[in-house]
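K.L.:
Before we start, here is the structure in question, set down as structure tokens.
The values are calculated or read from the model by the stated rules, or taken from the named source; none is laboratory data. These numbers were taken from a predicted model, which means no experiment stands behind them. Cβ: placed from backbone, ideal geometry, glycine included. Neighbour counts: every protein chain shown. Each accessible area value is taken on the protein alone, full model and side chains, heavy atoms only, with ligands, DNA and RNA left out. Shrake-Rupley method; radii C 1.70, N 1.55, O 1.52, S 1.80 Å.
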Amino acid sequence: MLEYILRRCGLALSVGFTISLVAFLLLNFATDPAVTMAGEEATTEEIERLRALYGFDRPLYLQYYNWLVSFFRGDFGESVHWRLPVAELVARHFPVTLLLAGMSLTVTILVAIPLGVLAAMNPNTLIDRIALSIAVAAQAIPNFWLGMMAILLLAVTWPIFPVSGNNTIWHFILPAFVLGLSSVPAIMRLTRTGLLEVMGTDYIRAARAKGYRGGALLFRHAMRNALLPVVSVLAVQFGEKLGGAIVTETVFAINGIGRLAVQSVLIGDVPVVQSLLFLFAMFFVFANLLADLLNAWLDPRIRLA
């Protein structure tokens, strides 16, 4: 197991290094950071001053090296717009997004896995059709539309939940539902397909022959193998919600890192955009690493692959 963990961690580090290089080059080749930071009406002298101040006049490889070393030291640079360290901005907004992502993933699990189990236990029946219809509807509805309808119905017409903000846990219920519902189709279908495949295997037939039925058969024998692909997708979905809750945070005016990213792009705050781009990508790398380790723990055969 230790050898497998070291291999996966080494692969994650190499992917992280590649992502850092791409994130750095994208912003430097797509635009001149000094011009973006200075604004359209800035003079040549102001642009050159910013270029020298932030080191944009140095060779590109040296800029990348200094940025990467500073990043792993916890120095993400300083925001041009807010005049604050980027690390401070991230630390201020990240807990909000982390809470939203955790709650939305909980919604996904509580809705998708029971639906998938019901559909698999009753294949080609009315229950199966209803579960699949719910999955199709959840996949077809855009997040921004569902968020606005949720606000209109449950915060304005019937003032059950707050309209926007993130002051209390009550403010996160609607956005967590909206963000979590978008992941229901994939998880529900994987759960259904995985269970249908597992229930036809020899070891399940042997368990039935030993007298296992109902919940004992399902949870003790079938679910562990059926949920292997689900674990992988859930981990990726968690990384996606950490880095991709931009639409939901914008609709509900939640001050997380997704909304911070949108604001930074609009005002051209290059140090913040660059750091957030790398962080978002690393969320996915860490989520995939976590999924690999969980799957290896659940299925020892994976460690030998």
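K.L.:
Within 12 Å, Cβ to Cβ, of HIS93, how many net charges do the neighbouring residues add up to if Lys/Arg are +1 and Asp/Glu are -1?
P.N.:
Around HIS93, the charge tally is 0.
K.L.:
Got a number for carbon plus sulfur as a percent of segment 93-299's accessible area, 1.4 Å probe?
P.N.:
So the carbon and sulfur contribution to the accessible surface is 71 percent.
K.L.:
Roughly speaking, what % of Cα-Cα pairs in the chain are separated by over 27 Å, rounded to a whole number?
P.N.:
Here the long-distance tail beyond 27 Å is 55 percent of all Cα pairs in the chain.
K.L.:
Collect residues whose amide H, placed 1.01 Å from N in the peptide plane, falls under 5 Å from the amide H of GLU78; neighbours closer than 5 in sequence don't count.
P.N.:
Placed amide hydrogens put VAL86 under 5 Å from GLU78.
K.L.:
Work through the residues other than PRO114 whose Cβ is under 15 Å from its Cβ and net out their charges, Lys, Arg +1 and Asp, Glu -1. Provide the component values of the computation, followed by the final result.
P.N.:
On the way: positive: ARG189, ARG192; negative: ASP128.
Neighbourhood net charge equals +1.
K.L.:
For the chain, report the accessible area per residue in Å² (1.4 Å probe, heavy atoms, rounded to an integer).
P.N.:
Working: 16160 Å² over 305 residues.
It amounts to 53 Å² per residue over the chain.
K.L.:
What value does segment 92-160 have for Rg/Rh, both radii from Cα atoms and Rh as Kirkwood defines it? Before the final figure, lay out the partial values.
P.N.:
Working: Rg = 15.6 Å, Rh = 14.3 Å.
Over the Cα atoms of segment 92-160, Rg/Rh equals 1.09.
K.L.:
Now, a different point. Which order do you get for GLU3, GLU88 if you rank them by accessible area with a 1.4 Å probe, largest at the top?
P.N.:
GLU3, GLU88
K.L.:
Separate question: Sort THR125, THR157, THR191 from largest to smallest accessible area, using a 1.4 Å probe on the heavy atoms of the protein chains. Before the final figure, lay out the partial values.
P.N.:
Numbers: THR125 50, THR157 80, THR191 0 Å².
Order by accessible area, largest first: THR157, THR125, THR191.
K.L.:
If you place +1 on the Cβ of every Lys and Arg, -1 on the Cβ of every Asp and Glu, and leave all else neutral, what size is the dipole of the chain about its Cα centre, to the nearest 20 Debye?
P.N.:
1780 debye
K.L.:
Calculate how steeply helix 228-244 sits against the longest principal axis of the alpha-carbon atoms of the chain, using the helix alpha-carbon long axis, and give the answer as 0 to 90 degrees to the nearest 10.
P.N.:
Relative to the chain, helix 228-244 is tipped by roughly 30 degrees.
K.L.:
So how tilted is helix 86-121 from the main axis of the chain? Cα-based, degrees 0 to 90, rounded to 10.
P.N.:
Rounded to the nearest ten degrees, it is 20.
K.L.:
Right, here's the next one. Calculate how steeply helix 126-140 sits against the longest principal axis of the alpha-carbon atoms of the chain, using the helix alpha-carbon long axis, and give the answer as 0 to 90 degrees to the nearest 10.
P.N.:
With both axes taken from Cα atoms, the answer is about 10 degrees.
K.L.:
How charged is the neighbourhood of SER14? Take every other residue with its Cβ under 12 Å from the Cβ of SER14, and add Lys/Arg as +1 and Asp/Glu as -1.
P.N.:
Values: positive: ARG7, ARG8; negative: none.
Local net charge: +2.
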